2 protein chains.
Amino acid sequence: MLNQVAPLDGVFQALADPNRRIMVERLARGPASVSELAKPLDMTLSAVVQHLAVLEASGLVRSQKTGRVRTCRIEPKALRSAEQWLGARRTIWERRLDRLGAYLAEQGD
Amino acid sequence: MLNQVAPLDGVFQALADPNRRIMVERLARGPASVSELAKPLDMTLSAVVQHLAVLEASGLVRSQKTGRVRTCRIEPKALRSAEQWLGARRTIWERRLDRLGAYLAEQGD
């Protein structure tokens, strides 16, 4: 259980920053170099590298250096794990509403 | 744009803590008092109240005091906004894969 939960801490933490979400958004459209990632962001390259490190530690992004260029890619598995956690909570909540609705309809008969 | 982004910071930040996720999980099953929320958690009631304040500030939970009991409820809208953000990123990524697959199939003909 703890093994399943721990990675979500890092994923949600990484997504809590608007600049990191812009980076994830860019990488969802395809791989990018660090300077391409930095383009729309109003920050130093060194700050971008720090955000990238948080994204990599969370498992949302991986990168590989070839020559002088580091290419970053999205890791869809981590995005999916967060989406699934939220979806499962929503399903539980919606089923509860359905049961409540059915109960109220029954009382109304 | 910024108005849309800012609430997500708080939602993802709130979900980055495993104890707060347990609280959200409990509230997805129905309203609960603070002491009911505290039951499965290995922490003081005062720590639970602090986590509850983070959840309320993020918009994920709201609470109301009646007499001496504070009842907490989930706010599905905030959960849904985070799920939708993740889902939209996944869709972009999957469409890109589809286009890539179509391109490679074309090259193979």
Residue B:7 passes all but one of (1) within 10 Å of chain A (Cβ to nearest Cβ); (2) within 19 Å of residue A:12 (Cα to Cα); which number fails?
(1)
Residue check for residue B:30: touching a helix residue (DSSP H, G or I) at 6+ places or on another chain (Cβ under 9 Å), within 12 Å of another protein chain (Cβ to nearest Cβ), without any contact (Cβ under 8 Å) to a residue 40 or more places away in the chain and farther than 24 Å from residue A:30 by Cα
yes
Collect the residues in segment B:50-73 that are open to solvent by less than 30 Å² (accessible area, probe 1.4 Å) and of a type in the set (A, V, I, L, M, F, W, C), keeping them in residue-number order.
B:52, B:55, B:60, B:61, B:72
How many of the residues making up segment A:55-101 are within 13 Å of another protein chain (Cβ to nearest Cβ), in contact (Cβ under 8 Å) with a residue 40 or more places away in the chain and farther than 15 Å from residue A:11 by Cα?
1
Could you check how many residues of segment A:38-80 are touching an Asp or Glu at 6+ places or on another chain (Cβ under 7 Å) and of a type in the set (D, E, K, R)?
1
It is to be established whether one or more residues within segment A:16-29 are more than 17 Å from residue B:12 (Cα to Cα) and not hydrophobic (A, V, I, L, M, F, W, C).
yes
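The values are calculated or read from the model by the stated rules, or taken from the named source; none is laboratory data. From a predicted model like this one, the values you see are computed outputs, not experimental measurements. A quick note on method: Cβ atoms are made from the backbone with ideal geometry, for glycine too, and the neighbour counts reach across all protein chains shown. With ligands, DNA and RNA removed, areas are computed over all heavy atoms of the protein, side chains included. Shrake-Rupley method; radii C 1.70, N 1.55, O 1.52, S 1.80 Å.
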